[in-house]
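Undergrad: Got a structure for you, questions after.
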Amino acid sequence: MMNREDQLENVEKLSRLLEKQKVMYTRLSLSEDPQAVKMKENLRKSVITMGFPPETDLNMLFNSMKETIN
């Protein structure tokens, strides 16, 4: 079992990861590069695989996840 300090460190790492994912998704959304379009579609598919509806706004999802862990 993790002690309190380790738990706080883990939450901080998770927060940073979510922020990086949000930035990456935003960049992919702004790009017309075929690889970026494919990566964005793969992200959308993974969200559906996790049980979210296909029309889920990923930026809202990232914000919600961040609020949940804080």
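Undergrad: Pick from the range 41-56 the residues that are within 15 Å of Lys22 (Cβ to Cβ) and among the hydroxyl-bearing types (Ser, Thr, Tyr): which of them is least open to solvent (accessible area, probe 1.4 Å)?
TA: Thr56
Undergrad: Being among the β-branched types (Val, Ile, Thr) and without any contact (Cβ under 8 Å) to a residue 12 or more places away in the chain is the filter; apply it to the range 12-46 and report the residue that is farthest from Leu61 (Cα to Cα).
TA: By that ranking, first place goes to Val37.
The values are calculated or read from the model by the stated rules, or taken from the named source; none is laboratory data. Small disclaimer: the values here were computed from a predicted structure and weren't measured. Cβ coordinates were reconstructed from backbone atoms using ideal geometry, including for glycine residues, and neighbour counts include every protein chain displayed. Note: areas computed on protein heavy atoms with side chains; ligands, DNA, RNA excluded. Shrake-Rupley method; radii C 1.70, N 1.55, O 1.52, S 1.80 Å.
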